[in-house]
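**Student:** This is the structure I want to talk about, given as C-alpha coordinates.
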Amino acid sequence: MARKAARAGEAAQFRPEAHRRARVEVEFDEQTLLGALFGQFDANLVQVENRLGVYIAARGNKIQIEGPEDAVARARDTLKSMYHRLEQGQALDSGAVEALIVMSAEPTLEGIISGDTGAPPIMIRTRRKTIVPRSAMQIEYMRALARSDVIFALGPAGTGKTYLAVAQAVSQLMTGSVQRLILSRPAVEAGEKLGFLPGDMKDKVDPYLRPLYDALYDCMPPEQVERRLASGEIEIAPIAFMRGRTLADAFVILDEAQNTTREQMKMFLTRFGQNSRMVVCGDPRQVDIPGGDRMSGLADAVSRLEGVEGIDVTRFTVQDVVRHPIVGRIVEAYEGPYVDPSDKKGE
(Lines give C-alpha, C1' and ligand atoms only; values in the text may rest on other atoms or scores of the structure.)
Protein backbone atom coordinates (compact mmCIF):
# COMPACT_ATOMS: atom_id res chain seq x y z
CA MET A 1 0.00 0.00 0.00
CA ALA A 2 1.28 3.42 -0.89
CA ARG A 3 -0.26 6.84 -1.11
CA LYS A 4 0.61 10.09 -2.77
CA ALA A 5 2.69 12.49 -0.75
CA ALA A 6 1.05 15.53 0.81
CA ARG A 7 -0.40 17.86 -1.82
CA ALA A 8 0.61 21.49 -2.04
CA GLY A 9 -2.63 22.53 -0.32
CA GLU A 10 -1.79 20.23 2.57
CA ALA A 11 1.64 21.68 3.20
CA ALA A 12 3.31 20.34 6.31
CA GLN A 13 3.51 22.65 9.30
CA PHE A 14 6.93 21.24 10.12
CA ARG A 15 9.51 22.33 7.51
CA PRO A 16 13.08 21.17 8.14
CA GLU A 17 15.87 21.81 5.68
CA ALA A 18 14.99 19.89 2.53
CA HIS A 19 18.48 19.43 1.07
CA ARG A 20 19.34 16.46 3.34
CA ARG A 21 16.98 13.62 2.53
CA ALA A 22 16.70 10.19 4.08
CA ARG A 23 14.77 6.94 3.83
CA VAL A 24 14.18 4.53 6.71
CA GLU A 25 12.21 1.33 7.17
CA VAL A 26 10.35 0.48 10.37
CA GLU A 27 9.11 -3.05 11.08
CA PHE A 28 6.31 -3.88 13.52
CA ASP A 29 5.99 -7.38 14.99
CA GLU A 30 2.28 -7.56 15.86
CA GLN A 31 0.29 -7.45 12.63
CA THR A 32 -3.04 -7.40 14.50
CA LEU A 33 -2.23 -3.85 15.64
CA LEU A 34 -1.50 -2.49 12.17
CA GLY A 35 -5.11 -1.63 11.36
CA ALA A 36 -5.35 0.60 14.43
CA LEU A 37 -1.86 1.96 13.76
CA PHE A 38 -2.69 3.01 10.21
CA GLY A 39 -6.19 4.24 11.07
CA GLN A 40 -9.34 4.03 8.98
CA PHE A 41 -8.42 4.61 5.33
CA ASP A 42 -4.82 5.16 6.54
CA ALA A 43 -5.92 8.38 8.26
CA ASN A 44 -3.17 8.18 10.91
CA LEU A 45 -0.42 7.73 8.33
CA VAL A 46 -1.80 10.59 6.23
CA GLN A 47 -1.84 12.79 9.34
CA VAL A 48 1.84 12.05 10.01
CA GLU A 49 2.68 12.65 6.33
CA ASN A 50 0.92 15.99 6.14
CA ARG A 51 2.19 17.31 9.46
CA LEU A 52 5.83 16.37 8.95
CA GLY A 53 6.16 16.62 5.17
CA VAL A 54 7.23 13.03 4.54
CA TYR A 55 6.12 10.18 2.27
CA ILE A 56 5.02 6.94 3.92
CA ALA A 57 4.53 3.59 2.17
CA ALA A 58 3.35 0.47 4.00
CA ARG A 59 3.97 -3.06 2.78
CA GLY A 60 2.89 -5.83 5.10
CA ASN A 61 4.25 -5.13 8.55
CA LYS A 62 6.96 -2.78 7.26
CA ILE A 63 6.69 0.96 6.76
CA GLN A 64 9.05 3.02 4.62
CA ILE A 65 9.44 6.72 5.38
CA GLU A 66 11.10 9.11 2.95
CA GLY A 67 11.71 12.85 3.12
CA PRO A 68 13.89 15.48 4.80
CA GLU A 69 16.24 13.83 7.29
CA ASP A 70 14.91 15.52 10.44
CA ALA A 71 11.30 14.97 9.43
CA VAL A 72 11.93 11.28 8.72
CA ALA A 73 13.43 10.85 12.19
CA ARG A 74 10.40 12.50 13.78
CA ALA A 75 7.97 10.42 11.72
CA ARG A 76 9.79 7.23 12.72
CA ASP A 77 9.67 8.16 16.41
CA THR A 78 6.00 9.12 16.11
CA LEU A 79 5.04 5.79 14.51
CA LYS A 80 6.99 3.85 17.14
CA SER A 81 5.27 5.78 19.92
CA MET A 82 1.87 5.15 18.30
CA TYR A 83 2.61 1.42 18.14
CA HIS A 84 3.82 1.41 21.76
CA ARG A 85 0.55 3.01 22.89
CA LEU A 86 -1.43 0.34 21.05
CA GLU A 87 0.68 -2.40 22.67
CA GLN A 88 -0.36 -0.99 26.05
CA GLY A 89 -4.01 -1.20 25.08
CA GLN A 90 -4.49 2.55 24.74
CA ALA A 91 -6.77 4.17 22.16
CA LEU A 92 -5.25 6.03 19.24
CA ASP A 93 -7.37 8.85 17.85
CA SER A 94 -6.35 11.87 15.78
CA GLY A 95 -5.74 13.89 18.96
CA ALA A 96 -3.34 11.26 20.30
CA VAL A 97 -1.53 11.12 16.96
CA GLU A 98 -1.24 14.91 16.90
CA ALA A 99 0.15 14.92 20.43
CA LEU A 100 2.78 12.31 19.55
CA ILE A 101 3.78 14.29 16.47
CA VAL A 102 4.29 17.39 18.60
CA MET A 103 6.21 15.47 21.27
CA SER A 104 8.47 13.90 18.63
CA ALA A 105 10.30 17.25 18.60
CA GLU A 106 11.43 16.37 22.14
CA PRO A 107 12.18 12.62 22.05
CA THR A 108 12.76 12.41 25.81
CA LEU A 109 9.10 13.21 26.54
CA GLU A 110 7.76 9.83 25.44
CA GLY A 111 10.42 8.10 27.55
CA ILE A 112 9.34 10.15 30.56
CA ILE A 113 5.69 9.22 30.00
CA SER A 114 6.35 5.49 29.56
CA GLY A 115 8.83 5.26 32.43
CA ASP A 116 11.84 4.43 30.26
CA THR A 117 13.91 6.93 32.26
CA GLY A 118 13.60 4.80 35.41
CA ALA A 119 10.96 6.98 37.06
CA PRO A 120 7.38 5.68 37.37
CA PRO A 121 5.34 6.10 34.18
CA ILE A 122 3.08 9.15 34.06
CA MET A 123 -0.52 8.08 33.60
CA ILE A 124 -3.95 8.12 35.20
CA ARG A 125 -5.86 4.84 35.37
CA THR A 126 -9.65 4.90 35.50
CA ARG A 127 -12.26 2.17 35.10
CA ARG A 128 -12.78 2.97 31.43
CA LYS A 129 -9.32 3.96 30.19
CA THR A 130 -5.70 4.74 30.91
CA ILE A 131 -4.88 8.38 30.26
CA VAL A 132 -1.40 9.59 29.37
CA PRO A 133 -0.12 13.14 28.80
CA ARG A 134 -0.39 14.65 25.33
CA SER A 135 2.02 17.55 25.79
CA ALA A 136 5.02 18.58 27.87
CA MET A 137 2.80 20.84 29.97
CA GLN A 138 0.36 18.00 30.60
CA ILE A 139 3.28 16.00 32.00
CA GLU A 140 3.94 18.79 34.51
CA TYR A 141 0.23 19.10 35.28
CA MET A 142 -0.24 15.39 35.93
CA ARG A 143 2.78 15.44 38.24
CA ALA A 144 1.22 18.37 40.10
CA LEU A 145 -2.11 16.54 40.38
CA ALA A 146 -0.29 13.64 42.05
CA ARG A 147 1.80 15.65 44.52
CA SER A 148 0.22 19.00 45.44
CA ASP A 149 -2.66 19.87 47.77
CA VAL A 150 -3.99 22.78 45.71
CA ILE A 151 -3.45 23.04 41.96
CA PHE A 152 -4.32 26.01 39.76
CA ALA A 153 -4.61 25.13 36.06
CA LEU A 154 -4.72 28.16 33.78
CA GLY A 155 -5.13 28.19 30.02
CA PRO A 156 -7.41 28.15 26.98
CA ALA A 157 -10.08 25.61 26.13
CA GLY A 158 -8.91 22.26 24.80
CA THR A 159 -5.72 21.94 26.86
CA GLY A 160 -7.11 19.14 29.05
CA LYS A 161 -6.96 21.01 32.35
CA THR A 162 -10.48 20.07 33.50
CA TYR A 163 -10.55 16.62 31.90
CA LEU A 164 -7.30 15.52 33.55
CA ALA A 165 -8.45 16.87 36.91
CA VAL A 166 -11.66 14.83 36.69
CA ALA A 167 -9.69 11.75 35.62
CA GLN A 168 -7.33 12.10 38.60
CA ALA A 169 -10.31 12.60 40.91
CA VAL A 170 -12.04 9.47 39.58
CA SER A 171 -8.81 7.48 39.96
CA GLN A 172 -8.43 8.54 43.59
CA LEU A 173 -12.10 7.82 44.31
CA MET A 174 -11.77 4.34 42.80
CA THR A 175 -8.68 3.51 44.88
CA GLY A 176 -10.19 4.84 48.10
CA SER A 177 -7.67 7.67 48.48
CA VAL A 178 -10.63 10.03 48.92
CA GLN A 179 -14.22 9.36 49.91
CA ARG A 180 -15.95 12.01 47.83
CA LEU A 181 -15.66 13.83 44.53
CA ILE A 182 -17.05 17.37 44.54
CA LEU A 183 -17.48 19.28 41.28
CA SER A 184 -18.33 22.96 41.26
CA ARG A 185 -18.36 26.06 39.10
CA PRO A 186 -19.84 29.54 39.34
CA ALA A 187 -23.26 29.79 37.69
CA VAL A 188 -22.53 33.22 36.29
CA GLU A 189 -25.19 32.97 33.60
CA ALA A 190 -27.87 32.65 36.29
CA GLY A 191 -26.26 35.21 38.54
CA GLU A 192 -26.09 32.45 41.21
CA LYS A 193 -29.82 33.17 41.83
CA LEU A 194 -30.75 29.54 41.37
CA GLY A 195 -33.69 29.54 43.76
CA PHE A 196 -35.95 31.00 41.08
CA LEU A 197 -35.27 28.13 38.67
CA PRO A 198 -37.54 25.05 38.62
CA GLY A 199 -36.41 21.66 39.95
CA ASP A 200 -34.01 20.49 42.65
CA MET A 201 -30.43 21.73 42.95
CA LYS A 202 -29.12 19.12 40.50
CA ASP A 203 -31.67 20.23 37.89
CA LYS A 204 -30.76 23.86 38.44
CA VAL A 205 -26.99 23.53 38.04
CA ASP A 206 -26.72 20.64 35.55
CA PRO A 207 -26.66 22.92 32.47
CA TYR A 208 -23.65 24.75 33.88
CA LEU A 209 -21.77 21.58 34.79
CA ARG A 210 -22.23 19.60 31.58
CA PRO A 211 -18.47 19.63 30.69
CA LEU A 212 -17.72 18.03 34.06
CA TYR A 213 -20.39 15.38 33.49
CA ASP A 214 -18.92 14.63 30.06
CA ALA A 215 -15.50 14.01 31.62
CA LEU A 216 -17.05 11.86 34.37
CA TYR A 217 -18.88 9.61 31.92
CA ASP A 218 -15.70 9.28 29.88
CA CYS A 219 -13.81 7.96 32.91
CA MET A 220 -16.51 5.88 34.64
CA PRO A 221 -19.30 3.56 33.46
CA PRO A 222 -22.60 5.52 33.37
CA GLU A 223 -24.30 3.27 35.92
CA GLN A 224 -21.47 3.91 38.41
CA VAL A 225 -21.73 7.66 37.90
CA GLU A 226 -25.47 7.57 38.59
CA ARG A 227 -25.07 5.31 41.63
CA ARG A 228 -22.35 7.46 43.18
CA LEU A 229 -24.34 10.64 42.49
CA ALA A 230 -27.31 9.10 44.28
CA SER A 231 -25.17 8.03 47.26
CA GLY A 232 -23.47 11.42 47.55
CA GLU A 233 -19.99 10.08 46.77
CA ILE A 234 -20.04 12.38 43.74
CA GLU A 235 -21.53 15.79 44.45
CA ILE A 236 -22.41 18.52 41.97
CA ALA A 237 -22.87 21.98 43.44
CA PRO A 238 -22.47 25.65 42.48
CA ILE A 239 -19.80 27.51 44.38
CA ALA A 240 -22.43 29.45 46.34
CA PHE A 241 -23.37 26.20 48.13
CA MET A 242 -19.81 25.70 49.46
CA ARG A 243 -20.18 28.41 52.11
CA GLY A 244 -19.88 27.22 55.71
CA ARG A 245 -18.66 23.72 54.83
CA THR A 246 -15.39 21.87 55.48
CA LEU A 247 -14.51 19.59 52.58
CA ALA A 248 -12.55 16.68 54.12
CA ASP A 249 -11.55 13.38 52.48
CA ALA A 250 -12.56 14.86 49.14
CA PHE A 251 -11.20 15.67 45.71
CA VAL A 252 -12.69 19.06 44.87
CA ILE A 253 -12.67 20.62 41.39
CA LEU A 254 -13.70 24.20 40.64
CA ASP A 255 -14.15 24.79 36.91
CA GLU A 256 -14.51 28.15 35.11
CA ALA A 257 -12.84 29.72 38.13
CA GLN A 258 -12.10 32.93 36.24
CA ASN A 259 -15.75 33.82 36.83
CA THR A 260 -15.47 33.81 40.62
CA THR A 261 -15.14 37.02 42.58
CA ARG A 262 -12.30 37.47 45.05
CA GLU A 263 -14.71 36.86 47.93
CA GLN A 264 -16.00 33.62 46.37
CA MET A 265 -12.49 32.32 45.69
CA LYS A 266 -11.32 33.03 49.24
CA MET A 267 -14.43 31.31 50.60
CA PHE A 268 -13.88 28.29 48.35
CA LEU A 269 -10.18 27.82 49.11
CA THR A 270 -10.75 28.06 52.86
CA ARG A 271 -13.18 25.10 52.71
CA PHE A 272 -10.11 22.85 52.43
CA GLY A 273 -10.19 19.94 54.91
CA GLN A 274 -8.01 17.01 55.98
CA ASN A 275 -6.95 14.49 53.32
CA SER A 276 -8.35 16.61 50.51
CA ARG A 277 -7.13 17.96 47.21
CA MET A 278 -8.38 20.98 45.30
CA VAL A 279 -8.00 21.75 41.60
CA VAL A 280 -8.98 25.18 40.33
CA CYS A 281 -9.34 25.45 36.54
CA GLY A 282 -9.94 28.51 34.40
CA ASP A 283 -8.92 30.79 31.57
CA PRO A 284 -7.99 34.25 32.91
CA ARG A 285 -8.73 35.77 29.49
CA GLN A 286 -12.38 34.64 29.46
CA VAL A 287 -13.82 36.55 32.41
CA ASP A 288 -17.63 36.96 32.41
CA ILE A 289 -18.14 38.44 35.87
CA PRO A 290 -21.13 40.84 35.84
CA GLY A 291 -20.05 44.44 36.22
CA GLY A 292 -16.93 44.17 34.08
CA ASP A 293 -14.63 46.04 36.47
CA ARG A 294 -14.57 43.37 39.18
CA MET A 295 -11.27 41.53 39.46
CA SER A 296 -11.39 37.80 38.81
CA GLY A 297 -10.95 35.72 41.93
CA LEU A 298 -8.75 33.35 39.92
CA ALA A 299 -6.22 36.01 38.92
CA ASP A 300 -6.23 37.42 42.45
CA ALA A 301 -5.67 34.00 44.06
CA VAL A 302 -2.81 33.06 41.73
CA SER A 303 -1.05 36.39 42.35
CA ARG A 304 -1.30 35.86 46.11
CA LEU A 305 -0.66 32.12 46.37
CA GLU A 306 1.88 31.19 43.70
CA GLY A 307 5.00 29.95 45.46
CA VAL A 308 3.20 28.96 48.67
CA GLU A 309 4.16 25.47 49.87
CA GLY A 310 1.68 22.82 48.77
CA ILE A 311 0.27 24.98 45.98
CA ASP A 312 1.12 24.43 42.32
CA VAL A 313 0.32 26.63 39.31
CA THR A 314 0.31 25.16 35.80
CA ARG A 315 -0.02 27.52 32.83
CA PHE A 316 -1.15 26.13 29.49
CA THR A 317 -0.87 28.01 26.20
CA VAL A 318 -2.45 27.63 22.77
CA GLN A 319 0.45 25.30 21.89
CA ASP A 320 -0.92 22.85 24.47
CA VAL A 321 -4.37 22.49 22.88
CA VAL A 322 -4.92 18.76 22.44
CA ARG A 323 -8.35 18.63 20.84
CA HIS A 324 -8.63 18.51 17.06
CA PRO A 325 -5.68 20.49 15.60
CA ILE A 326 -8.09 23.07 14.18
CA VAL A 327 -9.10 24.06 17.74
CA GLY A 328 -5.58 25.31 18.38
CA ARG A 329 -5.64 27.34 15.18
CA ILE A 330 -9.04 28.82 16.09
CA VAL A 331 -7.84 29.82 19.58
CA GLU A 332 -4.70 31.34 18.09
CA ALA A 333 -6.74 33.33 15.56
CA TYR A 334 -9.00 34.74 18.26
CA GLU A 335 -6.01 35.70 20.40
CA GLY A 336 -4.49 37.70 17.54
CA PRO A 337 -5.39 41.27 16.57
CA TYR A 338 -8.88 41.89 15.16
CA VAL A 339 -8.99 42.42 11.41
CA ASP A 340 -12.00 44.33 10.06
CA PRO A 341 -13.45 42.32 7.14
CA SER A 342 -14.00 45.58 5.24
CA ASP A 343 -10.23 46.10 5.18
CA LYS A 344 -9.87 42.99 3.01
CA LYS A 345 -12.29 44.07 0.29
CA GLY A 346 -9.64 45.84 -1.71
CA GLU A 347 -7.20 42.92 -1.58
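**Student:** Taking interchain pairs and intrachain pairs at least six residues apart, which have beta carbon atoms under 8 angstrom, with the first residue in region 63-75 and assigned by TED's automatic domain parsing to the domain that holds Val97 and the second modelled with pLDDT under 90 and part of a helix (DSSP H, G or I)?
**Tutor:** Pairs found: Arg74/Ile101.
Okay, residues lined up against (1) under 25 Å from Gly95 (Cβ atoms); (2) modelled with pLDDT under 95; (3) in contact with a helix residue (DSSP H, G or I) (Cβ under 9 Å, 6 or more places away or on another chain):
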{"position": "Arg243", "(1), (2), (3)": "no, yes, yes"}
{"position": "Thr246", "(1), (2), (3)": "no, yes, no"}
{"position": "Thr261", "(1), (2), (3)": "no, yes, yes"}
{"position": "Met278", "(1), (2), (3)": "no, no, yes"}
{"position": "Ile289", "(1), (2), (3)": "no, yes, yes"}
{"position": "Ser296", "(1), (2), (3)": "no, yes, yes"}
{"position": "Gln319", "(1), (2), (3)": "yes, yes, yes"}
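**Student:** Which members of region 237-261 meet the condition of being within 25 Å of Met295 (Cα to Cα) and in a loop (DSSP other than H, G, I, E, B)?
**Tutor:** Those that are within 25 Å of Met295 (Cα to Cα) and in a loop (DSSP other than H, G, I, E, B): Ala237, Pro238, Arg243, Gly244, Arg245, Asp255, Glu256, Thr260, Thr261.
**Student:** What helices (runs of 4 or more DSSP H) lie completely within region 91-204 and have 2 or more residues being modelled with pLDDT of 85 or more and more than 29 Å from Ala248 (Cβ to Cβ)?
**Tutor:** 94-103, 136-147
**Student:** Follow-up. Answer with yes or no whether Ala215 is assigned to a helix (DSSP H, G or I), of a type outside the set (Val, Ile, Thr) and free of Cβ contacts under 8 Å to residues at least 24 places away in the same chain.
**Tutor:** It is false that Ala215 is assigned to a helix (DSSP H, G or I), of a type outside the set (Val, Ile, Thr) and free of Cβ contacts under 8 Å to residues at least 24 places away in the same chain.
The values are calculated or read from the model by the stated rules, or taken from the named source; none is laboratory data. What you are looking at is a predicted structure, and each value in this text was computed from that prediction instead of being measured. So basically every Cβ, Gly included, is an ideal-geometry build from the backbone, and we count neighbours across all protein chains shown.
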